[in-house]
Amino acid sequence: MFALRQFRLPLCSIRSLILAQNKNALRLLQVQTRNKSTGSLKKQKEPDLEQSQYFNYRSKIIDELRHTKDPNPYPHKFNVDVTISQFIQKNSHIKAGQVNTEEIVRIAGRIHNQRSYGELIFYDLHGDGTKIQINAQAQYSERDFVKVHEHIRRGDIVGDLKIMKCDIDEDDQGFLEVETPMMNFIASGASAKPFVTRHSHLKRDLYLRIAPELFLKQLVIGGLEKVYEIGRQFRNESIDTKHNPEFTTVEFYLAYADMFDLMKITEDMLGNLVYDLKKEYVIDYNMDDKKMRINFEPPFKRIDIIETLKNKLQVVCSPPKTNARMFDKLIQKFIESECVSPTFITGHPQILSPLAKSHREISGLCERFELIVGTNEIINAYTELNDPFEQRKRFEEQSHQKDLGDEEAQVDDGAFCTSLEYGLPPTAGLGLGIDRLAMILTNSSSIKEVLLFPTLKPM
């Protein structure tokens, strides 16, 4: 994963940053790398560049790699065996200078420093609040040594390492709970109509947040590889049995994961939750006078959207009749309405998901799933888009949809796109509606029954 912008040090305010590179892009051993091919890396000294010049210089290189995919600068996923902290703890008994040639592990981190001595390169790799020094030798490189290393710079993300003992500081593991802004100058992170207020001193409009997604992903860019937030969201939409203008969600983001990892996490999380509460997987649920038996025992059913809709007929969609709105209505009418026990629906068209990464195999689709339980959407999750070039194009298309009259189209968040240029790892993100889940677990037919003070129409 390459960074477009210069990575400034020190980073005391944002911790150290864990991101990832294509599996085959870098295979390093701290003291020596395994391999057969040889080569000498003699980088030309780069002139001192202003930030804009450096950005243009890196953009040209990365744009070429986006097309050649050798390596892919924005991979879907990177399989990490252990974090740097876990590796150091596990191998603390190995003395400096010793080599363990029996074990190969994959870790990943961001390069904070680089020193080249011909056929020997040293990297300072940061991640998970820790630092490790690694080196690569041409004689052990499995691929062309120069080709692998010539474009790597400070701030880039690399992975697939075989490592020895080193000096390092350790930090705690696990997810970190955070709080992100509930008001902002733009409403981003989801497709919804926001509430607007006015800041008297700044004389500018402020929007109540519709989702914390973009802030949380910026924290992943800033070095928090496991982050989550429980908080209120505000959407200026209809009030009915499933919707309230303010509601509570939990969103979490996990570096080096994809949507398929989140499916497994979802099955385990909800299956264990229901069993712990009810001492069985099957529960009763009544919705709109319809009695349902919901089975939370993993694995959950999976449905492909396009295949399911092939044999379905027409559906009414209110203006504006954009492609995204039409697809969304089709999904609601013909798929969600029939999902009783937990069901993953996948294969979403890309136009429905401007923040999700394109499907790695099927053009026009994206890597996203929704979990439907008792005909309610409970979870929405992606393999997150981490390509800043593609993200800007998506936002431009959303702006066009907004011009056509779609008030729920997403706004162009230029600040977020700029943050992507510093490098977002292959990341998966998930949002869960706590109120809707509470409805199912308490057999409540309306969201009002699980809120202490729901929004009601005035008498």
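Scanning segment 238-283 for residues that are more than 30 Å from residue 360 (Cβ to Cβ), buried (at least 16 other Cβ atoms within 10 Å of the Cβ) and either among the hydrophobic types (A, V, I, L, M, F, W, C) or within 26 Å of the chain's Cα centre (by Cα) (or both) yields 247, 248, 274, 283.
Taking segment 238-300 and the strands (runs of 3 or more DSSP E) fully enclosed by it, the elements with 3 or more residues that are at pLDDT 95 or above and of a type in the set (A, V, I, L, M, F, W, C) are at 246-255. Taking segment 365-383 as the range and being in a loop (DSSP other than H, G, I, E, B) and in contact with a Ser or Thr (Cβ under 8 Å, 6 or more places away or on another chain) as the test, the residues that pass are 367, 375. Restricting 210, 186 to those that are in contact with a strand residue (DSSP E or B) (Cβ under 9 Å, 6 or more places away or on another chain), buried (at least 19 other Cβ atoms within 10 Å of the Cβ) and not charged (D, E, K, R) reduces the list to 210.
Okay, residues lined up against (1) crowded, with 19+ Cβ neighbours inside 10 Å; (2) modelled with pLDDT of 75 or more; (3) in contact with a Leu (Cβ under 8 Å, 6 or more places away or on another chain); (4) in the same structural domain as residue 215 (by TED's automatic domain parsing):
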| site | (1), (2), (3), (4) |
| --- | --- |
| 110 | yes, yes, yes, no |
| 115 | no, yes, no, no |
| 126 | yes, yes, yes, no |
| 129 | yes, yes, no, no |
| 135 | no, no, yes, no |
| 145 | yes, no, yes, no |
| 150 | no, no, yes, no |
| 157 | yes, no, yes, no |
| 169 | no, no, no, no |
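The rows are residues; the columns are (1) touching a Lys or Arg at 6+ places or on another chain (Cβ under 8 Å); (2) within 30 Å of residue 275 (Cα to Cα).
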{"residue": "397", "(1), (2)": "no, no"}
{"residue": "405", "(1), (2)": "no, no"}
{"residue": "415", "(1), (2)": "no, no"}
{"residue": "421", "(1), (2)": "yes, no"}
{"residue": "443", "(1), (2)": "no, yes"}
{"residue": "452", "(1), (2)": "no, yes"}
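Residue 218 satisfies every condition listed in (1) crowded, with 17+ Cβ neighbours inside 10 Å; (2) more than 20 Å from residue 374 (Cβ to Cβ); (3) in contact with a strand residue (DSSP E or B) (Cβ under 9 Å, 6 or more places away or on another chain) except (3). Among residues that are within 22 Å of residue 187 (Cα to Cα) and either in the same structural domain as residue 287 (by TED's automatic domain parsing) or assigned to a loop (DSSP other than H, G, I, E, B) (or both), residue 437 is not included.
The conditions of being among the β-branched types (Val, Ile, Thr), assigned to a loop (DSSP other than H, G, I, E, B) and surrounded by fewer than 22 Cβ atoms within 10 Å (Cβ to Cβ) are not met by residue 418.
Residues satisfying the criterion are absent from segment 357-364 (criterion: crowded, with 23+ Cβ neighbours inside 10 Å and either assigned to a strand (DSSP E or B) or modelled with pLDDT under 95 (or both)). Filtering segment 52-82 to residues that are among the aromatic types (Phe, Trp, Tyr) and in a loop (DSSP other than H, G, I, E, B) leaves 74, 78. The set of residues from segment 189-237 being more than 18 Å from the chain's Cα centre (by Cα), of a type in the set (Asp, Glu) and either at pLDDT 95 or above or not assigned by TED's automatic domain parsing to the domain that holds residue 424 (or both) comprises just one member, 205.
Test residue 386 against the criterion of being outside any helix (DSSP H, G or I) and either closer than 30 Å to residue 290 by Cβ or in the same structural domain as residue 127 (by TED's automatic domain parsing) (or both), and give yes or no.
Values: outside any helix (DSSP H, G or I): yes; either closer than 30 Å to residue 290 by Cβ or in the same structural domain as residue 127 (by TED's automatic domain parsing) (or both): no.
No.
The set of residues in segment 71-110 being among the charged types (D, E, K, R), more than 26 Å from residue 225 (Cβ to Cβ) and without any contact (Cβ under 8 Å) to a residue 60 or more places away in the chain consists of 102 alone. Is it the case that some residue within segment 356-378 is touching a Gly at 6+ places or on another chain (Cβ under 7 Å) and within 20 Å of residue 229 (Cβ to Cβ)? Yes, because at least one residue in segment 356-378 is touching a Gly at 6+ places or on another chain (Cβ under 7 Å) and within 20 Å of residue 229 (Cβ to Cβ).
The values are calculated or read from the model by the stated rules, or taken from the named source; none is laboratory data. Remember, predicted model here, so these are calculated numbers, not experimental data. Every residue, glycine among them, receives a Cβ derived from its backbone with ideal geometry; neighbour counts consider all protein chains shown.
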